[in-house]
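The values are calculated or read from the model by the stated rules, or taken from the named source; none is laboratory data. Fair warning: this is a prediction, and the values are worked out from it, not measured in the lab. Methodologically, a virtual Cβ is constructed for each residue, glycine included, from the backbone with ideal geometry; neighbour enumeration extends over all protein chains shown. Quick note on the areas: whole protein, heavy atoms, side chains included, nothing else; ligands and nucleic acids left out. Shrake-Rupley method; radii C 1.70, N 1.55, O 1.52, S 1.80 Å.
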Amino acid sequence: MVREQYLEVKQAVTCACEQSGRNGEACTLIAVSKTKPVEMLKEAYDAGCRDFGENKVQELLDKYDKLPSDIRWHMIGHLQTNKVKYIVDKVALIHSVDSLKLAHEISRQAVKKNVIVPILLEVNIAEEASKYGFKACEVMEAVAKIAVLPGILVKGLMAIAPFVENSEENRIYFQQMRQLSVDILRKNIDNVSMDILSMGMTGDYLVAVSEGATHVRVGSGIFGNRIYK
Ligand SMILES: *Cc1c(COP(=O)(O)O)cnc(C)c1O
């Protein structure tokens with residue numbers, strides 16, 4: 001079941017890329033495996049998936065130990081500063097940098113472990129009270145401050161769009177994210193690339209791809225609904 005769903009979403013992402021005039025491989029599908037057992041991740045892995053997203057440090061570490069080492073682990077959830085040290089040398093990308101304090105701690109731990117950590121700044125694009133992230137108007141200043149920190153590369157931006165019935169309602173937010181990344185790139189800041197635009201989830205990933213997402217994060221569309229105890 002996971003295999004079929006993964007391949008179906010993967011195919012849909014490829015098609016949406018091509019329809020928007022990009023290479024079919026231009027958007028990476030991240031399988032968001034939070035709360036799901038390793039057997040299900042293994043099934044996605046066997047279907048070709050190498051990018052997995054988790055939102056809790058302990059769960060990521062458990063799965064990291066049990067699954068093949070060629071997996072790229074994406075930290076996509078709110079990260080507490082005291083837990084940064086456990087994952088800096090294990091994750092391929094931290095999507096959820098939502099404060100200067102967190103960026104400073106990632107830098108400190110990266111230097112300590114002698115690694116370079118690619119990060120994204122999380123943008124609360126719809127300014128929802130329930131969500132973390134910088135406001136759009138704060139991002140430019142934050143990028144400039146974070147870019148000078150050692151051990152960090154600012155690779156782009158991430159957003160979680162509002163939960164909506166009709167995914168078209170989120171198109172405006174995806175467009176705003178894309179514009180923001182273009183504006184930042186134009187500033188030509190050292191250590192800042194804006195290669196990555198992480199946006200789009202099960203309900204709205206096709207709209208996100210059509211607006212330029214380079215990474216989509218799909219959970220329930222691959223693994224089924226999550227049950228929280
Ligand atoms: C859970 C989660 C997802 C995946 O959500 P689905 O709607 O199940 O696809 C994507 N991004 C983040 C940050 C998440 O926490």
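Of note:
- Looking only at the range 156-202, and only at residues there that are open to solvent by less than 60 Å² (accessible area, probe 1.4 Å) and touching a residue at least 60 places away in the same chain (Cβ under 8 Å), the one that is farthest from the chain's Cα centre (by Cα): 196
- The condition of being out of contact with any Phe, Trp or Tyr (no Cβ under 8 Å at 6 or more places or on another chain) and without any contact (Cβ under 8 Å) to a residue 12 or more places away in the chain holds for only one of 46, 51, 65, 70, that being 65.
- Inside the range 63-82, residues that are away from the ligand (no atom under 16 Å from the Cβ) and open to solvent by 70 Å² or more (accessible area, probe 1.4 Å) make up a count of 6.
- Count of residues meeting criterion [within 16 Å of the ligand (Cβ to nearest atom), of a type in the set (Ser, Thr, Tyr) and not in a loop (DSSP other than H, G, I, E, B)] in the range 17-53: 1
- Of the residues making up the range 181-209, those that are of a type in the set (Gly, Ala, Ser), more than 8 Å from the ligand (Cβ to nearest atom) and either in contact with a His (Cβ under 8 Å, 6 or more places away or on another chain) or within 19 Å of residue 126 (Cα to Cα) (or both) number 4.
- Residue check, residue 29 in contact (Cβ under 8 Å) with a residue 60 or more places away in the chain and under 11 Å from the mean Cα position of the chain (by Cα): yes
- Selection over the range 213-224 of residues that are more than 8 Å from the ligand (Cβ to nearest atom) and surrounded by fewer than 20 Cβ atoms within 10 Å (Cβ to Cβ) gives a count of 1.
- Cβ separations smaller than 6 Å between residues 6+ apart or across chains give the following pairs from the range 125-154 residues that are closer than 27 Å to residue 115 by Cβ to residues that are among the aromatic types (Phe, Trp, Tyr): 142/134.
- Hits in the range 83-92 - residues which are surrounded by 19 or more Cβ atoms within 10 Å (Cβ to Cβ) and either away from the ligand (no atom under 16 Å from the Cβ) or assigned to a loop (DSSP other than H, G, I, E, B) (or both): 84, 88, 91
- Scanning the range 7-14 turns up no residue that is out of contact with any Cys (no Cβ under 8 Å at 6 or more places or on another chain), assigned to a helix (DSSP H, G or I), more than 23 Å from residue 197 (Cβ to Cβ) and open to solvent by less than 50 Å² (accessible area, probe 1.4 Å).
- Cross-chain or 6+ apart pairs with Cβ under 7 Å, the range 1-16 first and without any contact (Cβ under 8 Å) to a residue 40 or more places away in the chain, then of a type outside the set (Val, Ile, Thr): 10/29; 14/24
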